[in-house]
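Visitor: There's a structure below that I have some questions on.
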Amino acid sequence: MILWQLFLSFAQIGLFSIGGGYAAIPLIQSQAVEIHGWLTAEQFLDLATIAEMTPGPIALNAASFVGIQVAGIAGAVIATLGCVLPSLVIVSALSWVYGRYRRLPLLQSVLDFLRPAVVALIAAAGINMLLQVACGGRALNGFRPVPALLFAAAFLALRRFKCSPILVMLLCGAAGLVLGLAVDGGM
């Protein structure tokens, strides 16, 4: 039963995550945290971090992570298959349609109007993740200044100074390690 739930949940995610992996993040959060309770909000934030850091598509990494947490290796395989199958069918059909009708203004109009929805999905995921990091998922009375400052520094390094995302991730990880050791008294 759990494998079937995993497959259906990730098939829905695969079906409705138009725009790629980042657009899938709020859908995965909804299914894994809010609807099924497979993960806590903190575990989900860890999932998003790990899925982003590891090689491969973020949605597939997340599906594998959730699947393995819920039902072991079989869960990872089923969740990943559920995530991929809708895309495989849809992309195959759309490539045929696009190849045949790409010059039609109506098709271009549909694509133009899908872009803002994709940006909104990605922005919603980013804002939810920022609130989880800076406030622990609580209202602003739970504000945590160190993670918020680390976010601001990383954002500035990426956008203003065009630093390598890999370098920024390594530096943030090192800062987390140093701060964690300092807080735990390990230094």
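Any read-out appearing in this document is the output of simple, stated calculations on the displayed coordinates, not a laboratory observation. Predicted, not measured: the structure shown is a model, and the values here were computed from it. As a convention, Cβ positions derive from the backbone with ideal geometry for all residues, glycine included, and neighbour counts pool all protein chains shown.
Visitor: Which of 83, 135 comes first, and how do the rest follow, when ranked by fewest Cβ neighbours within 10 Å? Numbers along the way, then the final one.
Guide: Details: 83 31, 135 16.
Going from least to most buried by this count: 135, 83.
Visitor: Given bins 10 angstrom wide, list per bin the percent of all Cα-Cα distances in region 1-154, short to long.
Guide: Each 10 Å bin holds this share of Cα pairs: 11, 35, 30, 18, 5, 0.
Visitor: Between the helical axis of 41-53 and the dominant principal axis of the chain, each derived from Cα atoms, what acute angle in degrees is found, rounded to the nearest 10?
Guide: Orientation of helix 41-53: about 70 degrees from the principal axis.
Visitor: I want to verify a result. In a Gaussian network model of the chain, Cα cutoff 10 Å, which of these has the top mean-square fluctuation: 86, 116, 57?
Guide: Taking springs between Cα atoms under 10 Å, the residue moving most is 116.
Visitor: Further question on the same structure: Under 8 Å for C-alpha pairs, at least 6 residues apart: give me the relative contact order for the chain, rounded to a whole percent. Write down the numbers at each step before the final one.
Guide: Values: 172 pairs, mean separation 37.9, N = 187.
That works out to 20 percent.
Visitor: Further question: Pick out, from 40, 51, 158, the residue whose Cα sits farthest towards the positive end of the charge dipole of the chain, with +1 on the Cβ of Lys and Arg and -1 on the Cβ of Asp and Glu.
Guide: Of 40, 51, 158, it is 158.
Visitor: On to the next question. Given the options 107, 150, 88, state which has the largest fluctuation in a GNM of the chain using a 10 Å cut-off (strictly under) for Cα springs.
Guide: Answer for the Gaussian network model of the chain: 107.
Visitor: So, by mean Cβ neighbours within 10 angstrom, what's the order for 162-171, 8-17 with the highest one leading?
Guide: Working: 162-171: 12.2, 8-17: 20.9.
For the peptides 162-171, 8-17, the packing ranking is 8-17, 162-171.
Visitor: Could you line up 151, 113 from fewest to most neighbouring Cβ atoms inside 10 Å? Numbers along the way, then the final one.
Guide: Working: 151 15, 113 9.
The most exposed by this proxy come first: 113, 151.
Visitor: Let me ask something additional. Within a 10 angstrom radius of the beta carbon, how do 80, 54 rank from fewest other beta carbons to most?
Guide: Working: 80 25, 54 13.
Placing the least packed residue first, the sequence is 54, 80.
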